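Each remark here refers to the structure printed beneath this line.
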Amino acid sequence: MEEWQKELSRRICSREELEAELELTGSEREWFLRGDADPAARLPFAVTRYYLSLLDDNPGHPLRSQVIPRIGEFHASPGESRDPLCEGMHSPLPRLVHRYEDRILFLAASSCALYCRHCFRRHFTGENDDSGALLEAAGKAAAYAGEHREVRELLISGGDPLMLPDNTLRKLLALFRAARPDIILRIGTRMPVVLPSRITEGLADLLGSFAPLYVISQFNHPLELTPAAARAAARLSNAGVVLLNQSVLLRGVNDSEETIRRLSADLLSARILPYYLFQGDLASGTSHLRAPMSKGISIMRSLRQRLSGLATPAYAVDLPGGGGKWLIPLEPPPERVDGFYRIRGPGGRIWLYPDEE
Ligand SMILES: *Cc1c(COP(=O)(O)O)cnc(C)c1O
Ligand code: SF4
């Protein structure tokens, strides 16, 4: 077993283990007690000891609500859904999503090192994937990429694809490379943030050998960019991997101009390009984590005046109801009517996003 796998096996998955490390609030404890009664209906709980070490007993610590569940998760608000991106509608094969003409998405793993409470892809089995079945699905998806020449990029996500051991990952990447030597590979992973020891020299070399390959991480707060995380990033960059970051705008975590500005500066220093800042998706039970769109718009308008182009992420939203990913206009911002933002989306059609201020 590699060091990161040992670390993973020591992660915290129960209330008892968690309470040995952290004093829980009433609302957090309630989630566990309620959860015990109905384990199937909720996003699983797990946190790495590394990530937990970044928190303290302060219930308002900015990293805390990303990983410690609260009872609010059981309150679905109007418009929220289990599949807010409607990915089910765009899936030509198991594990494959083809929603945008030139890009496909392959879901390579159904578990993560920890479960982000704001996650929009909430159908986890929490189990390790059977590598035979996974590679069979990957083989079919690779054949699909071979037949669909309009596809130029393959996104590999999940779950967290870096939960897979190196040799499974190598076989998977090789299948796609063999079918399409020209395809651009992108891996979406939170490992540099939540378990930086996963980014071994061996993994960096493996990923570097499949260039052009981009790794897209999800740093949401400057406190996540620890020396260990920065070393993980440097390892990947040095191996020839290009690093980008997608953040999610989260209430009480990073919903201030100052925090996003520091995050952007620190990312650039770590050779990670700020790519997207996402307005929260309408995933079931996440309303207490969503920052209102008015906040995102005001943060972005002031960033645009103060930051370099390199340091400024694009502010985007997945238009609720299946409209796809879309940039939120800033000058002028979308109209607010009757509790909704009216966003002119693809083809000029108007899409509604709740005005939750
Ligand atoms: C986000 C996403 C992509 C990639 O979109 P970019 O804007 O190119 O980053 C591709 N496919 C699906 C299904 C997605 O959700
Ligand atoms: S790492 Fe990504 S897929 Fe996994 S829980 Fe977090 S947001 Fe969801």
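A short reminder: the numbers here are calculations on the coordinates, not readings from a lab. Please read all numbers here as calculations on a predicted model, not as lab measurements. For neighbour counting, all protein chains shown are included, and Cβ atoms are generated from backbone atoms with ideal geometry for every residue, glycine included.
Things to note:
- Shape call, the stretch 77-199: gyration tensor on alpha carbons, a/c limit 1.5: oblate
- Normalised by the number of residues in the chain, the average gap of Cα pairs under 8 Å and 6 or more apart makes the relative contact order 15 percent.
- Residue 74-residue 49 pseudo-label distance in nm [points 7 Å out on the Cα-to-Cβ vector]: 3.1 nm
- The antiparallel fraction among DSSP beta bridges confined to the chain stands at about 40%.
- The stretch 1-160 - percent relative contact order, Cα under 8 Å, separation 6 or more: 24 percent
- Each residue of the stretch 321-328 was assigned a 3J(HN,Hα) from its phi angle through the Karplus expression (A = 6.51, B = -1.76, C = 1.60, θ = phi - 60°), giving x, x, x, x, 6, 8, 6, 7 Hz with x at Gly and Pro.
- The label point for residue 174 and the one for residue 133, both projected 7 Å from the Cα toward the Cβ, are 2.3 nm apart.
- Considering only the stretch 273-357, percent of DSSP beta bridges that pair antiparallel, nearest 5: 80 percent
- Diagonalising the gyration tensor over the Cα atoms of the stretch 132-225 and scaling each eigenvalue by 5 before taking the square root yields semi-axes of 24, 14, 12 Å, largest first.
- Length gained on full extension, residue 325 to residue 5, computed as 0.36 nm times the residue gap minus the Cα-Cα distance: 111.8 nm.
- Measuring nothing but how far apart in sequence close Cα pairs (under 8 Å, 6+ apart) lie, relative to its length, the stretch 209-338 scores a relative contact order of 23 percent.
- Under 27 Å between alpha carbons - lysine pairs in the chain that sit 8 or more apart or on different chains: 4
- Rounded, prolate or oblate (a/c below 1.5 giving rounded, otherwise prolate when a/b exceeds b/c) for the chain by Cα gyration tensor: rounded
- Of all beta bridges that DSSP places with both ends in the stretch 199-357, some 50 percent have antiparallel geometry.
- Inter-probe distance in nm under a simple model that places probes 7 Å from Cα toward Cβ, at residue 209 and residue 33: 5.3 nm
- Helical runs (DSSP H, four residues minimum) scored at -39500 (n - 2.57) apiece and divided by the length of the chain put the mean residue ellipticity at 222 nm at -9000 deg cm²/dmol.
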